[in-house]
1. With the condition kept exactly as written, say whether any residue in segment 233-251 is loosely packed, with under 12 Cβ neighbours inside 10 Å and among the aromatic types (Phe, Trp, Tyr).
2. Does GLU155 fit the bill of being over 29 Å from GLY107 (Cα atoms) and in contact (Cβ under 8 Å) with a residue 60 or more places away in the chain?
3. Which numbered condition trips up ARG115, out of (1) surrounded by 10 or more Cβ atoms within 10 Å (Cβ to Cβ); (2) at pLDDT 85 or above; (3) more than 47 Å from the chain's Cα centre (by Cα); (4) among the basic types (Lys, Arg)?
4. List every residue pair whose Cβ atoms sit under 7 Å apart, with the two residues 6 or more apart in sequence or on different chains, where the first one lies in segment 264-291 and is at negative phi and at pLDDT 90 or above and the second, anywhere, is of a type in the set (D, E, K, R) and surrounded by 10 or more Cβ atoms within 10 Å (Cβ to Cβ).
5. Looking at this structure, is LYS95 more than 47 Å from the chain's Cα centre (by Cα), of a type outside the set (A, V, I, L, M, F, W, C), more than 29 Å from ILE197 (Cβ to Cβ) and open to solvent by 60 Å² or more (accessible area, probe 1.4 Å)?
6. Among the numbered criteria (1) more than 38 Å from the chain's Cα centre (by Cα); (2) closer than 17 Å to VAL132 by Cβ, which one does PHE170 miss?
7. Within segment 207-219, does at least one residue satisfy the condition of being among the charged types (D, E, K, R) and exposed (fewer than 10 other Cβ atoms within 10 Å of the Cβ)?
Amino acid sequence: MATGADVRDILELGGVESENTGTINKKDIINSDKKKSKKSSETLTFKRPEGMHREVYALLYSDKKDAPPLLPSDTTQGYRTVKAKLGSKKVRPWKWMPFTNPARKDGAMFYHWRRAAEEGKDYPFARFNKTVQVPVYSEQEYQMYLHDDAWTKAETDHLFDLARRFDLRFVVIHDRYDHQQFKKRSVEDLKERYYHICAKLANIRAAPGTDLKIPVFDAGHERRRKEQLERLYNRTPEQVAEEEYLIQELRKIETRKKEREKRTQDLQKLITAADTTTEQRRAERKAPKKKLPQKKETEKPAVPETAGIKFPDFKSAGVTLRSQRLKKVKFLPLK
């Protein structure tokens, strides 16, 4: 014979009261569904650990209780990018072949993969090798036009040789300049000598009647610029703070000046407007007034007073008595 415990096991019922007493109550049968849902919710809820971001926790746990995907999936149909259209043509063959760079003068040999159809062609990246065209002078030209007491011909040749090697990078030229064999020169001296010779050669070799754009280098201006830059760089923090303070004061003075000028302009406008109005009034007073022709009043025909009864007319606005509105006879003949 089934006992109360067996019935509770079949109906999946539980509770402190029913377990203790061993009998089934009405509440146990009615609230059986609620207890099941509570148990299921208690067992299926997980709390997000502290310190874990919401997005990371969503990858590990979801409402559907699905396991996280092992591979990235895409639910959209088709490809995101257009699929490559591979034709039925033959693949062009590639070969491991040697090449030389025309920009190098040491004859170095290199190897790379290249299409077989391009074998024997020049290196394609050699066209990016751009060199500066440094002028060349002869012995006669130097003796006639380029001679300078401060510079020897050997020193000038050494300068132009370095200019060709380093593409007019005068900082590098100054670093590689032979200061032991020749006189110590600054970067400005080297630039001045080079551009002076270029301008001389351009004037000599130019055809008569042609306008030339000759580069001119001002060595004095360049020296002053560098000195000023060095002074600016060697300022103390106190000098920098003082300069910033002076700049702020100058801006305040400029703003006050602009406000003052604006006020004077507004005042001048008011004065000019008042002058124009007074002049207009004076002109109106001096101008003769035109007399308008007066219209003659048409004489109304006299209406003879008819003997009889006159009724008073009350046309004035306001409060009146009711007795005043009555029409009375002034003269009533007595019989």
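The values are calculated or read from the model by the stated rules, or taken from the named source; none is laboratory data. Keep in mind that this is a model prediction, so the values were computed, not measured. Cβ placement follows ideal geometry from the backbone for every residue including glycine, while neighbour counts extend to all protein chains displayed. To get the accessible areas, we keep the full protein, side chains included, count just its heavy atoms, and leave off ligands, DNA and RNA. Shrake-Rupley method; radii C 1.70, N 1.55, O 1.52, S 1.80 Å.
1. Yes.
2. no
3. The number of the failed condition is (3).
4. No pair meets every condition.
5. Here the answer is yes, as LYS95 does meet what is asked.
6. If we test PHE170 against (1) more than 38 Å from the chain's Cα centre (by Cα); (2) closer than 17 Å to VAL132 by Cβ, just (1) comes out false.
7. yes
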